[in-house]
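Student: Here it is, the structure in full.
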Amino acid sequence: MATRPRHRRKKWRRRIAVAVAVLLILLAVALLAGLAYEMSQPSVADAQARVAAIVQTHHGELGRLPVPARLAAAAVAVEDDRFYSNVAVNLFYGLGRAALAAAHGNGDAGGSTIAQQLAKQLYGKGSGTDASLEELALGLKLSVSYSRAQVLGMYLNADYYGNGYWGDVAAARGYFGLAPARLSWAQASMLAGLVQAPSAYDPVRHFALAKERQRHVLDRLVATHHLTASQASAAYRAPLHLRNDQP
């Protein structure tokens, strides 16, 4: 009688071992396919030149590295809290999102990484599943071609913040009359929140909505352990000192 349970256990162990082996093979195939697709995409060697062209076109000013700590923390917390993780982890994560988007037939992978958003800003060719896959591949190329500090700096420089302000330098000076390095947590969290929808969260025209967005950014800073809950609450209550006597 004792031999039968042992036989069943061995049988289940073999099944589990086979399942794990198959899963590892599938993951390896997905990784190789992703890398092959990435290599098929255009070079990103001109990324910094493209960012500089965007800033120059809109009469902005390139920010210097490293990105000021408060603004960097706020942007990463709200846009891509996996930004500093391993590139392979981001590859599997991105492939999973792309696969789900394709399965739903909407072509929207959602939750793009900072590198993918930068790829879209610099090399974007539309929307849909194919475009999402291209952005994923180009985002990975950017991640392995440039340091994290460079990718984040390019992303913040190429972003639009509303009211004609392109790049974090122009936005910080336009809204607050300060360089990015001098922003308070209140101001940095407000600025980082504008990128997703600069018109909707415009602190000049839609102050209440901008404050809601700022609250979300501060909550993310708490979740990523950059601020305590009490520090986030204090930052939310702190004056923004918006220029032109705005609220």
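Per-residue answers, yes or no, for (1) at pLDDT 95 or above; (2) out of contact with any His (no Cβ under 6 Å at 6 or more places or on another chain); (3) within 30 Å of residue 234 (Cβ to Cβ):
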site	(1), (2), (3)
149	yes, yes, yes
153	yes, yes, yes
166	yes, no, no
173	yes, yes, yes
191	yes, yes, yes
196	no, yes, yes
215	yes, yes, yes
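Student: Here's another thing I want to ask about it. Could you tell me which of the residues 222, 204 is β-branched (Val, Ile, Thr), over 24 Å from residue 154 (Cβ atoms) and part of a loop (DSSP other than H, G, I, E, B)?
Tutor: That would be 204, the only listed residue that is β-branched (Val, Ile, Thr), over 24 Å from residue 154 (Cβ atoms) and part of a loop (DSSP other than H, G, I, E, B).
Student: Right, another one. Condition test on residue 143, is it closer than 19 Å to residue 64 by Cβ, small (Gly, Ala, Ser) and without any contact (Cβ under 8 Å) to a residue 60 or more places away in the chain?
Tutor: No, not satisfied.
Student: Can I ask one more? In this structure, does residue 183 turn out to be within 26 Å of residue 85 (Cα to Cα), aliphatic (A, V, I, L, M) and touching a residue at least 24 places away in the same chain (Cβ under 8 Å)?
Tutor: Taking the combined requirement at face value, the residue does not satisfy it.
Student: Still on this structure, please answer the following. Is there any pair with a first residue in region 51-78 that is at pLDDT 95 or above and among the basic types (Lys, Arg) and a second that is surrounded by 22 or more Cβ atoms within 10 Å (Cβ to Cβ) and in a loop (DSSP other than H, G, I, E, B) whose Cβ atoms are under 9 Å apart and which are 6 or more apart or on different chains, and what are they?
Tutor: Within 9 Å, the pairs are 70/183.
Student: Let me ask something else about it. Hey, could you check region 210-229 for residues that are among the aliphatic types (A, V, I, L, M) and buried (at least 19 other Cβ atoms within 10 Å of the Cβ) and say which is nearest to residue 59 (Cα to Cα)?
Tutor: Top of the filtered list is 210.
Student: For residue 189, all conditions in the list (1) among the small types (Gly, Ala, Ser); (2) assigned to a loop (DSSP other than H, G, I, E, B); (3) surrounded by 22 or more Cβ atoms within 10 Å (Cβ to Cβ) hold save one; what is the number of the exception?
Tutor: All conditions pass for residue 189, except number (2).
Student: Got a number for residues in region 171-186 being within 26 Å of residue 230 (Cβ to Cβ), outside any loop (DSSP other than H, G, I, E, B) and not aliphatic (A, V, I, L, M)?
Tutor: Number of matching residues: 5.
Student: Taking residue 106, is it at pLDDT below 50, over 30 Å from residue 173 (Cα atoms) and among the polar types (S, T, N, Q)?
Tutor: It is true that residue 106 is at pLDDT below 50, over 30 Å from residue 173 (Cα atoms) and among the polar types (S, T, N, Q).
For every residue, the table says whether it meets (1) crowded, with 21+ Cβ neighbours inside 10 Å; (2) in contact with an Asp or Glu (Cβ under 9 Å, 6 or more places away or on another chain).
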{"position": "168", "(1), (2)": "yes, yes"}
{"position": "182", "(1), (2)": "no, no"}
{"position": "196", "(1), (2)": "no, yes"}
{"position": "208", "(1), (2)": "no, no"}
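The values are calculated or read from the model by the stated rules, or taken from the named source; none is laboratory data. Computed from a prediction, not measured in an experiment: that's the story for all the values here. All Cβ positions, glycine included, derive from the backbone under ideal geometry; neighbour counts span all protein chains shown.
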